[in-house]
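The values are calculated or read from the model by the stated rules, or taken from the named source; none is laboratory data. Computed from a predicted model, the values in this text were never measured in an experiment. Neighbour counts are summed over all protein chains in view; Cβ atoms, including those assigned to glycine, are modelled from backbone coordinates with ideal geometry. These area figures cover heavy atoms from the full protein model, side chains too; ligands, DNA and RNA do not enter into them. Shrake-Rupley method; radii C 1.70, N 1.55, O 1.52, S 1.80 Å.
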Amino acid sequence: MVLSHGVSGSDDSVHSTFASRYVRTSLPRFRMPENSIPKEAAYQIINDELMLDGNPRLNLASFVTTWMEPECDKLIQASVNKNYVDMDEYPVTTELQNRCVNMIAHLFNAPLGESETAVGVGTVGSSEAIMLAGLAFKRRWQNKMKAAGKPCDKPNIVTGANVQVCWEKFARYFEVELKEVKLSDGYYVMDPAKAVDMVDENTICVAAILGSTLNGEFEDVKLLNDLLTKKNAETGWDTPIHVDAASGGFIAPFLYPELEWDFRLPLVKSINVSGHKYGLVYAGIGWCIWRSKEDLPEELIFHINYLGADQPTFTLNFSKGSSQVIAQYYQLIRLGFEGYKNIMENCQENAMVLKQGLEKTGRFNIVSKDNGVPLVAFSLKDNTRHNEFEISDFLRRFGWIVPAYTMPPDAQHVTVLRVVIREDFSRTLAERLVLDIEKVLHELDELPARIATNGGVVDAAALAAAASEREMDKQREVISLWKRAVLAKKKTNGVC
């Protein structure tokens, strides 16, 4: 009889990844490991840890696109190794970016002649686009003040308190005073009249939001333009407007074509929009479009030639991938005006389904508007026993990621939940979310009220309630474990 002997470690490829030594020992978290590991093991280790992330499709906190067609995925994968900044090496990619800029400029009604090309740039998102637009406004204002022999060391910008944090970053990074119009109860966007009142000779621009992050509402850019035109005429200033259309720029042209918010208004000099939001591209693409060449100072544009040819560049970073630019072009020609319009209408209809379902519970106030970004922001009518943060936390158990947050000053006493309706959020999911919210409400109703403190002292009743709640949590955990065990047994019955 012949006995065979295996040689330990002679061929790691015959072993299962999960039976190998690479998953039996912990990898260092903050230092590079001394030795290499097989690619299969590296993949499996990372993939397993990523399973603990949330499901992007159920992340209702984000405006960012989480689904694209397989054909576009192929284009992205095929171009993932192209550096966009190498324009001379990848001239077609550069051409596609220029086409996107011109398509978006025409969508925003830029005053272009028949043979005139648009002025704009692709960015990694609206944050970079806003930085670039802000720098252009600041430089134009500085040049104007210097020419008039006036000091130019104290620029300011006027916005609403509801602006996204990137505006605060711009103000802090580039030393511009941020003058915020405070919100008020029931009015959660910038008041144009109050904004114009805050404008002075040092204001480089007024920023209006087309689609507030907080509740999706469009600010009244037309009224702002009219009031600011009047003030400019009275003072001799020429304070311009920038429109932050990160969320609404790919919505308004299709759902509200008659709404005047873009370059149809004379004081609107630049607009940013996020391609990775309702432009329907994965994260990593934004656009900044200027009204004309005169609105982008030439001294901000750099010209380089060490990559093979003269290349103008106006970006905060240098190297970046080409994939998202190509994906944006795919969406623009694949969907066309008709396709984008159908998708935005579908998102809006699903938002109404969710809104109506929440209203039927009788437990919520709807904070968002019907006209605007397709989202639903809502708050509890009675939050004395349980609040919006608890609802957000309990919904995680069903897989939903629904953010809860307080409004900015002076409406910080208002707490809301917000559900963003994207292309891949179907009516079925909207109806299921309502059912799960009702389950959460029922579960919270069965729990004692959250602990309330008075001067930092928790009374005995509150402590007893907390202990009871912890006991119920333990019971629910035991029940959940038993359910899993029973389901696992059912699945294995009859399997050899």
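Of all the numbered requirements in (1) over 18 Å from N272 (Cα atoms); (2) touching a Gly at 6+ places or on another chain (Cβ under 9 Å); (3) surrounded by 16 or more Cβ atoms within 10 Å (Cβ to Cβ); (4) not hydrophobic (A, V, I, L, M, F, W, C), T93 misses one, and that requirement is (2).
Take E116 and decide whether it is of a type in the set (D, E, K, R), under 20 Å from R264 (Cα atoms) and either open to solvent by less than 30 Å² (accessible area, probe 1.4 Å) or more than 21 Å from the chain's Cα centre (by Cα) (or both).
yes
No other residue among S270, S274 is within 30 Å of V402 (Cα to Cα) and surrounded by 23 or more Cβ atoms within 10 Å (Cβ to Cβ) apart from S274. The single condition from (1) crowded, with 18+ Cβ neighbours inside 10 Å; (2) acidic (D, E); (3) closer than 16 Å to R139 by Cβ that D153 fails is (1).
Exactly one residue out of E390, E349 is open to solvent by 60 Å² or more (accessible area, probe 1.4 Å) and either closer than 23 Å to S426 by Cβ or acidic (D, E) (or both), and it is E349. When V325 is tested against the conditions (1) under 20 Å from I130 (Cβ atoms); (2) part of a helix (DSSP H, G or I); (3) in contact with a Pro (Cβ under 6 Å, 6 or more places away or on another chain), the lone failure is (3).
Here is a yes/no grid of residues against (1) modelled with pLDDT of 95 or more; (2) out of contact with any Ser or Thr (no Cβ under 8 Å at 6 or more places or on another chain); (3) among the small types (G, A, S); (4) surrounded by fewer than 13 Cβ atoms within 10 Å (Cβ to Cβ):
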| site | (1), (2), (3), (4) |
| --- | --- |
| M1 | no, yes, no, yes |
| S4 | no, yes, yes, yes |
| D11 | no, yes, no, yes |
| H15 | no, yes, no, no |
| T25 | no, yes, no, yes |
| N35 | no, yes, no, yes |
| A42 | no, yes, yes, no |
| E49 | no, yes, no, yes |
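Evaluating M145 against the criteria (1) assigned to a helix (DSSP H, G or I); (2) touching a helix residue (DSSP H, G or I) at 6+ places or on another chain (Cβ under 7 Å) leaves one unmet condition, (2).
All of Y306, Y405 fail the test of being part of a strand (DSSP E or B), surrounded by fewer than 19 Cβ atoms within 10 Å (Cβ to Cβ) and either at pLDDT below 95 or of a type outside the set (A, V, I, L, M, F, W, C) (or both), apart from Y405. Selection of region 352-399 for residues being closer than 20 Å to L255 by Cα, out of contact with any strand residue (DSSP E or B) (no Cβ under 6 Å at 6 or more places or on another chain) and in contact (Cβ under 8 Å) with a residue 24 or more places away in the chain yields V353, N371, V373, P374.
Quick grid of which residues meet (1) closer than 22 Å to C166 by Cβ; (2) not hydroxyl-bearing (S, T, Y):
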site	(1), (2)
R264	no, yes
K269	yes, yes
V273	yes, yes
Y278	yes, no
A283	yes, yes
R291	yes, yes
L296	yes, yes
N305	no, yes
T313	yes, no
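The set of residues in region 393-402 being over 15 Å from T213 (Cα atoms), surrounded by 20 or more Cβ atoms within 10 Å (Cβ to Cβ) and among the aliphatic types (A, V, I, L, M) consists of L395 alone. With respect to being of a type in the set (G, A, S) and at positive phi, G249 falls outside the description.
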